[in-house]
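The values are calculated or read from the model by the stated rules, or taken from the named source; none is laboratory data. Since this is a predicted model, take the numbers as computed values, not measurements. A quick note on method: Cβ atoms are made from the backbone with ideal geometry, for glycine too, and the neighbour counts reach across all protein chains shown. Accessible surface is based on the protein model in full, side chains and every heavy atom, while ligands, DNA and RNA are left aside. Shrake-Rupley method; radii C 1.70, N 1.55, O 1.52, S 1.80 Å.
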Amino acid sequence: MKVGIVGAGSIAFGMAAFLECEGHKATLWSPSGERTKALAAVEPLVAAGAIEGSLKPAVATSAETLVADAEVLLIALPAYGHKLVFERIAPHITAAQTVIVSSHASFGALYLSRLLAARGITVPIVAWGTTLVSGRQSGLAKVQVNTVRKTVDLATLPTSRSAEGLALCQSLFGDRFVDRQSLLAIALSNLNPTIHMGIALGNMTRMERAETWGQAENVTPKIGRLLEELDRERLAVAMALGLEVRTIFQHLNLSFGVPLGSAHEMHQAMHALGKSGAGPTTADSRYVTEDVPFGLVPTAKLGRLAGSPAPLHEAGVSLFSAMYGRDFTAENDLLAALDIDSLSLSQLQTLCSDGYSH
C-alpha cells in the first residue's frame, strides 16, 4: 500500500522504516524540505534498534504530490505543526483516501474534518492515542527506534466508519489496536504529556545545561508519585465523561514490556532493560513546547467541561508558562481555530462522533 507520511522527524522516519520493512511503499514529505535533503539525494534511511535495515523511502517535494501518490496519509510530526499541514494537504485529499493522525492531539481530527467538509468531502480520519514507534533521529538519514508498541488506542471520525479505520490500521501495522470508539477517549489516551510533565519538572536544570542523562532512571520515587497523581486526574476526567482509557501502569506494561508496579518501579525496570531512552538535552523540547499546550491544556479544558477539575494539569500549564515566559494556553492554535471554549459538552461530543457535515 502507498502511504504518504507528513513529517520527517524521528517518528516519521521510524514509521517509514516500519512500513518499508513490511512491504509497503512510504513517501516522506517535510514541510520545510530540510529534513529530507539527504534522502532526496538518494541516501538510504538507516534504522537501528527495534527496527533494523537500510531502506529507500521516497521523498515528495510538495503536499500536492504527496497526497496525489498516496492511498493513506499518515501525520507524523509534532502537534504544533498539525494545523499548518492540515491546511496544506486538505485541498488535495479525495474521498478515496484515509488519514491517520499519529499521535492525535487537541481535536485536530475535527479541524481536518471541518476543512474537508468545506470541500464537500468526508474521509475516515483515524486518531491514534500515541505513536506506534518511539525513538530518536540520530542523523539526517538515521533513526534509532527504541520500541514498537504492542498496543495502540484509536478512534475513527466519523464513528460510522470505525470498522473501516480499524481494518486499515490492522492491514498496515498488524493486530495491535484497541478501538476506543470515541475521539474524546483518544483526547485522554495520550500518556506522554503527563509523563513528560513530571520528567521535565524534575530534570529542568539537566535540560537547560544540555547534560546527558537517562530518562527512566531519573523517575525517582517522588517523581513517580507525581506521575501517578496526574494519572488519577486524567482517569477521573475520563470517568466523568463515561470513557474507558488505559492507566499509566497499563501503558508502561504494554508499551515497554515491564512488569506492573509503581510508576517509579516500572521506569526503573525500563532502565534495567535498556529501554530508558535519553532525556532531553535542551529546554526547547517537545516535552514542554508540544506537550504542555497540546496535551495538558486540552485535558484541563475537558476536566472543566466534565465537571472534574484537573488542578495538577492546570498547575503544570501555569508553572511551565511562568518558567518559559510564554502563554502556553494561547499557543494551542487548534483549540483556538475550533473555538472550543464556545462549545457545550454535548456539542463537542456530537462533533467527536459525527465530525463536520457538508
Notebook entry, point to check: Quick check: anything in the range 210-232 touching a residue at least 40 places away in the same chain (Cβ under 8 Å), more than 23 Å from V258 (Cβ to Cβ) and assigned to a helix (DSSP H, G or I)?
Noted result: no
Notebook entry, point to check: Residue check, G274 against (1) surrounded by 17 or more Cβ atoms within 10 Å (Cβ to Cβ); (2) more than 16 Å from A322 (Cα to Cα), all met but one. Which one?
Noted result: (1)
Checklist line | Matching residues, the range 314-350, being modelled with pLDDT under 95 and in contact with a Gly (Cβ under 7 Å, 6 or more places away or on another chain) | finding: none
Notebook entry, point to check: Taking only pairs six or more apart or across chains, which ones have beta-carbon atoms under 8 Å, a first residue in the range 78-90 that is among the aromatic types (F, W, Y), and a second residue that is assigned to a helix (DSSP H, G or I)?
Noted result: Y80/T289; Y80/P293; Y80/F294; Y80/D333; F86/G108; F86/Y111; F86/L112; F86/L115
Notebook entry, point to check: Looking at (1) more than 18 Å from F294 (Cβ to Cβ); (2) open to solvent by less than 20 Å² (accessible area, probe 1.4 Å), can you tell me which one A105 breaks?
Noted result: (1)
Item checked: Matching residues in the range 202-249 - criterion: being surrounded by fewer than 20 Cβ atoms within 10 Å (Cβ to Cβ), under 21 Å from the mean Cα position of the chain (by Cα) and of a type in the set (V, I, T) -> T247
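Would you please name the residue that is farthest from L112 (Cα to Cα), looking only at residues in the range 288-338 that are aromatic (F, W, Y) and open to solvent by 10 Å² or more (accessible area, probe 1.4 Å)?
Here the residue is Y324.
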Note to self: Can you list the strands (runs of 3 or more DSSP E) lying wholly within the range 1-100 that have 2 or more residues being farther than 27 Å from L166 by Cβ and open to solvent by 30 Å² or more (accessible area, probe 1.4 Å)?
What the structure shows: 45-49
Notebook entry, point to check: Any idea how many residues of the range 250-271 are open to solvent by less than 10 Å² (accessible area, probe 1.4 Å), among the small types (G, A, S) and over 17 Å from K222 (Cα atoms)?
Noted result: 1
Check: Taking S171, is it small (G, A, S) and free of Cβ contacts under 8 Å to residues at least 40 places away in the same chain?
Finding: no
Notebook entry, point to check: Can you tell me which residue in the range 140-163 is surrounded by the fewest Cβ atoms within 10 Å (Cβ to Cβ), limited to those that are under 18 Å from the mean Cα position of the chain (by Cα) and outside any strand (DSSP E or B)?
Noted result: K150
Checklist line | In the range 49-64, the residues that are without any contact (Cβ under 8 Å) to a residue 40 or more places away in the chain and in contact with a strand residue (DSSP E or B) (Cβ under 6 Å, 6 or more places away or on another chain) | finding: G53, S54, L55, A58, V59
Notebook entry, point to check: So which residues in the range 164-186 are of a type in the set (S, T, N, Q) and either part of a helix (DSSP H, G or I) or buried (at least 21 other Cβ atoms within 10 Å of the Cβ) (or both), if there are any at all?
Noted result: Q170, S171, S182
